[in-house]
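The values are calculated or read from the model by the stated rules, or taken from the named source; none is laboratory data. Source: prediction; values computed, not measured. We place every Cβ from the backbone using ideal geometry, glycine too, and count neighbours over all the protein chains shown. The accessibility values were calculated without ligands, DNA or RNA, using every heavy atom of the protein model including side chains. Shrake-Rupley method; radii C 1.70, N 1.55, O 1.52, S 1.80 Å.
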Amino acid sequence: MKPMDPQDAADVRQRLSVDEIMGRIEDLILRGDYGPGARLPEQVLADTLGIGRGPLREAIRTLEGRRLLERVPHAGVRVADLSVEDMDQILTVRESLEGMASRLAAEYMTLPEVRRLRAITSGLENLGSRDMEAVFKVDSDQDFHRTIVLGSRNKWITNLLCRDLYTLLRLCRMRSGQLRRDMTHIHQEHHAIVDCIERRDPDGAERLMRAHVRQSRERLLAAVARGQTPQGV
């Protein structure tokens, strides 16, 4: 195998470094350290993360491209503050893409993958019985929706949902999760979707996932319209 050019190796290290920085910024946002509309002072952030300004700026530019951050003239970089219209449109896209992902997952997920999905579903149900908001803050490898998307084997859907829109979708879902409601039917819907995937029912999996996402969107938008904005979001 031909040795990697030194410059190419440096680029790979830089790319990995920037990806890690992006992940840490996203974690800070999802954790609530920087809420919607909050300013991100570059030097403070660089000091907090223990990194240089160069890689930080590249990470910020990438997150700007994903609409998680926005640059405001004379004010610097801020966390995106999603409007009701933004959330409506993002979650409408999510309904369509996750519905298709569920259809494909019913065709392509292996039995071990389905068993892992079932375990994740049960784990979220147990977690939700103790802390409802924690369900919406789980690590990505325990994310019910992300696991189904990966199981679709469709790289385009996966890139859109798990990379370009992932953090924005989690922010919407967390906002929805902070509304007071009984989680029992949410977990029942999750199990029903897994049932369809397990018995290789693409039509049922897509139909149930689309309904699940659509109802979540409608609850969130109705609550926001009533002025029921969750604290700290």
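At a glance:
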item: Potential extension, Tyr108-Asp195 segment - 0.36 nm per residue separation minus Cα distance; result: 29.9 nm
item: Gain on full stretching of the segment that runs from Val44 to Ala222 - 0.36 nm per residue minus C-alpha separation; result: 60.3 nm
item: Using a Förster distance of 30 Å, the FRET efficiency for Arg24-Asp203 (Cβ separation, nearest 0.05); result: 0.15
item: Shape metrics for segment 36-135, restricted to C-alpha atoms - Rg then Dmax, Å; result: 19.2, 54
item: Two-decimal ratio, segment 36-81, of alpha-carbon radius of gyration to 2.2 N^0.38 Å; result: 1.07
item: Heavy-atom SASA rank of Met100, Met109 (probe 1.4 Å, accessible area, largest first); result: Met100, Met109
item: Fully extended contour minus Cα-Cα distance, from Arg31 to Gln188, at 0.36 nm per residue; result: 53.8 nm
item: Heavy atoms of His191: accessible area, 1.4 Å probe, square angstrom to 10; result: 40 Å²
